[in-house]
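Single-structure report; data block below.
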């Protein structure tokens, strides 16, 4: 690398769900990851789970770094900022930051109060009317 030249940022999404013993429930997260990847803004989109499924959050973070990420957005697939988001995901982010000090790990907000959630809820209600 030429001195003074900076490495371009390569942002990864680490999509995080709770995890389930039901494979089809975990497969939903893989579908979401595939769709996000296909949109093209984030070429690295990795799934991970808090518990009950693999990879766990830290292993998912390692996969992002191994794929060349310089920045990793931990993206909770959770509705509200409960214990898991506030405590568990924050702790996982901090552990990843300690393990990879040259990579920036950022924790995004959960889905909960985003206005588009209301649109989805109304659509689901209309589907069964």
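Looking only at residues in the stretch 54-103 that are part of a loop (DSSP other than H, G, I, E, B), under 19 Å from residue 44 (Cα atoms) and touching a residue at least 60 places away in the same chain (Cβ under 8 Å), the one that is farthest from the chain's Cα centre (by Cα) is 70. If you check 51, 109, which single one turns out to be in contact with a strand residue (DSSP E or B) (Cβ under 8 Å, 6 or more places away or on another chain), free of Cβ contacts under 8 Å to residues at least 40 places away in the same chain and loosely packed, with under 15 Cβ neighbours inside 10 Å? It is 109. Apart from one condition, residue 9 fits all of (1) within 18 Å of residue 75 (Cβ to Cβ); (2) out of contact with any helix residue (DSSP H, G or I) (no Cβ under 6 Å at 6 or more places or on another chain); (3) modelled with pLDDT of 90 or more; the exception is (3). When the stretch 4-36 is limited to residues that are more than 11 Å from the chain's Cα centre (by Cα), surrounded by 16 or more Cβ atoms within 10 Å (Cβ to Cβ) and free of Cβ contacts under 8 Å to residues at least 60 places away in the same chain, the one that is nearest to residue 61 (Cα to Cα) turns out to be 19.
The values are calculated or read from the model by the stated rules, or taken from the named source; none is laboratory data. Just so we're clear, the structure is a prediction, and the values are computed from it rather than from any experiment. Methodologically, a virtual Cβ is constructed for each residue, glycine included, from the backbone with ideal geometry; neighbour enumeration extends over all protein chains shown.
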